Amino acid sequence: MHKTITLLALGLLATQSLHAQDDPKSKAIMDRLIAKNKSYTSFEAEFTSRLQSTKDKLDVKQEGHVQVQGRKWHLVLDANTVISDGTTMWTYNKEANEVTVNSTSEMDQDLDPSKLLSMYETGFKSMYVGESTDPHGVVKQVVKLFPTDPAKKNYHTVVLTIDKEKVQPLDVTILYKDGSEVTYTLKKFVPNPALNDGLFAFDKSRYPGVEVNDMR
């Protein structure tokens, strides 16, 4: 679950990547994406993920939905729901009818969906790969991102496919050092939706018999 949140963070929003190593084309694309991202005070997205690992003989597909407003988020991924009000994080498993409660201050900051808009402002370099047009007339731009301190990451490359006209990510592939890769495909993206505050707190009265594990 934690790996999924990290991948989501990598996938939905891109980075500023303003380093000397960036080529002019990738820098221009990333600058446009960052400028667009800064106009969002909230967003909602539907996505699919696919984890592939030849070594472990894995090919796992999942459907997800995330809503973010400021430092708050509500993420649904198959049987798991992760909710945060910015201070407390609830991880609920539907099959077990169990929720684990943690403080957001204890989580790895790379896993924080509320930082999707700013996660890549530092720590990456970028490279332009190319541009193509799909059968539906959508012009796609591809950029690769590389962590500037790769020893601290368990992945080595992030490949972004961006809708040139909408200035939004379409697909993201994260290439891991162990040879596995995860591809995220954005099915729907809604900028600045009106979100109810009730989304960002776990109401156990809605889950009769739920087991609560408070780890704070």
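Just so it is clear, none of the values below were taken in a lab; they were calculated from the coordinates. Since the model is a prediction, treat every value here as computed from it, not as a measurement. No Cβ is skipped: glycine too gets one built from the backbone with ideal geometry, and neighbour counts run over all protein chains shown.
Compare the peptides 92-101, 148-157 by average per-residue count of other Cβ atoms within 10 angstrom and give them in order, highest first.
In decreasing order of mean packing, 92-101, 148-157 become 92-101, 148-157.
5 Å is the cut-off here: which amide hydrogens, built 1.01 Å from N in the peptide plane, fall below it relative to Gln168, excluding neighbours closer than 5 in sequence?
HN-HN under 5 Å from Gln168: Asp163.
Determine the alpha carbon to alpha carbon distance for each of Lys55/Lys164; Lys125/Lys152; Lys125/Lys153; Lys164/Lys188; Lys25/Lys140 and list only those over 24 Å.
Lys55/Lys164
Efficiency by 1/(1 + (r/R0)^6): what FRET value for Met215 and Lys166, r their Cβ-Cβ distance, R0 = 30 Å, to the nearest 0.05?
0.15
Pulled fully out, how much extra length does the chain show between Ser39 and Lys152, if you take 0.36 nm times their separation in residues and subtract their Cα-Cα distance?
Value of the extension gain: 37.6 nm.
Take the residue pairs Lys94/Lys166; Lys36/Lys187; Lys94/Lys204 and return only those whose Cα atoms are more than 24 Å apart.
In this structure, Lys94/Lys166 exceed 24 Å between Cα atoms.
Over every pair of different alpha-carbon atoms in the range 46-102, take the mean of 1/r and invert it; report that Kirkwood radius in Å.
About 12.7 Å for the range 46-102.
If R0 is 25 Å, what FRET efficiency do you get for Thr185 and Glu95 from their C-beta distance, rounded to 0.05?
0.50
For the pair Ser103 and Thr54, what calculated FRET efficiency results from E = 1/(1 + (r/R0)^6), where r is the Cβ-Cβ distance and R0 = 45 Å, to the nearest 0.05?
With R0 = 45 Å, the Cβ-Cβ based efficiency is 0.75.
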